[in-house]
Each structure stands twice: as C-alpha cells, then as structure tokens.
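Student: My structure is below; once you've seen it, I'll send some questions.
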Amino acid sequence: MSLQSVREHFKKFNREQDILEYNQISATVEQAANALNVIPAKIAKTLSFKNNDGEAFLVVTAGDAKIDNKKFREQFEIKAKMLNADEVVEHTGHVVGGVCPFGLAKALKVYLDISMKRFATVFPACGSVNSAIELTCEELEQYSAAVQWVDVSKDWNENLTEPNSSKDNIVAN
C-alpha cells in the first residue's frame, strides 16, 4: 500500500515509471547503497521527528550525515525527538526502512538537509524496503514540497561527490 501511495504521488509528475524496485532489502543506508550500486552518501534518508506539540515533520539528509543536536535545536527551537515505529507508520503511511517524503498518509512539513547538495542526484526510498527513485536535489525539493533547505547535520564529507550512478541491480517494474 505504501509503495502504491508513492506511485500515485509520482503519477502527478509523470514519474511513476521511474521508481526502482530491486530484489534485495534496502531498509538501511548500507543495504540501499548496495542494492543501487552507489556510495552510501547518495542515499537520501528520511528521518521522522515530532515537535513539542506532537506534530510530526520530516528531515531528509544524505546517507552519511548524522543529526547535529545543536544545529537541530537552533533550526527548529526544539530538542530532536524521533517518532517511534508506530508513529512513523501513522504519520507517513510508510514502514521504517521505506520512509520517504512522498505519498504521505498525513500532510507533513518536509525539510531537506544541505548534505545532499553535493550530489547531482540522490536516491530516496519510495515507501517500501526495496524501492527508490533517482532524483536531482531540485526534483526532490519539488516532489516533496519541501518547506526549505536546512543545515542540521554533521559528520558528512563535504569533498565527497559522485556525479554518475549505476543501476545494475535494478529489477524492471
């Protein structure tokens, strides 16, 4: 159902045929990078948080980035508090490992972290533990209806870039 909601979302942009599905699990950054034959940093991981009022929101970062609690607090004026697995499904409609900013169960604010801007394209999940789509940062911003770009991460390599990607392990839809 979650992959289907993402397909419906991408139909609005005539991009549903670009969703990649593969034969192996890609629930973690490493698994997704292996399935797609790309470096882990190019995986766009979607993290689910809640504010002090319990409202959920999403932050999408590069696969090699970690949330910097100080930057997060400065940006959102709250302590970083992630949703539990049940809350993730309730708010996004996606299971952990397939969470993405597309085809959401509820209207959520989406923020994109600058850690992804060093790449020509990134690979967010598509609602299941074995799917993704290759998007430019501009497309990710557009298709996710992101509120804004933020700087809330750390430990990512600013000098690491990879302009090309390979999709050798992809299964045709």
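A short reminder: the numbers here are calculations on the coordinates, not readings from a lab. Everything quoted here is computed from the prediction, not taken from an experiment. Here the Cβ positions follow ideal geometry from the backbone for every residue, glycine too, while neighbour counts run over all protein chains shown.
Student: Using the Kirkwood radius over Cα pairs, work out the Stokes-Einstein diffusion coefficient for region 15-153 at 25 °C and 0.890 mPa s, in µm²/s as a whole number.
Tutor: Numbers: Rh = 14.8 Å.
It comes out at roughly 166 µm²/s.
Student: Another question, then. Would you mind checking the pairs Lys12/Lys106; Lys11/Lys154; Lys79/Lys109; Lys79/Lys106; Lys45/Lys81; Lys11/Lys79 and listing those with alpha carbons more than 26 angstrom apart?
Tutor: On the way: Lys12/Lys106 17 Å; Lys11/Lys154 34 Å; Lys79/Lys109 17 Å; Lys79/Lys106 22 Å; Lys45/Lys81 16 Å; Lys11/Lys79 36 Å.
Where the Cα-Cα span goes over 26 Å, the pairs concerned are Lys11/Lys154; Lys11/Lys79.
Student: For a footprinting-style exposure proxy, rank Trp156, Trp149 by other Cβ within 10 Å, fewest first.
Tutor: Values: Trp156 18, Trp149 13.
Least to most surrounded, the residues fall as Trp149, Trp156.
Student: I want to verify a result. In a Gaussian network model of the chain, Cα cutoff 10 Å, which of these has the top mean-square fluctuation: Gly98, Gly63, Gly54?
Tutor: Gly54
Student: Let me have the 222 nm mean residue ellipticity of the chain computed from DSSP H runs of 4+ only, each contributing -39500 (n - 2.57), with the sum over all residues rounded to the nearest 500. Please report the intermediate quantities before stating the final value.
Tutor: Details: 5 runs with 42 residues, N = 173.
It lands at -6500 deg cm²/dmol.
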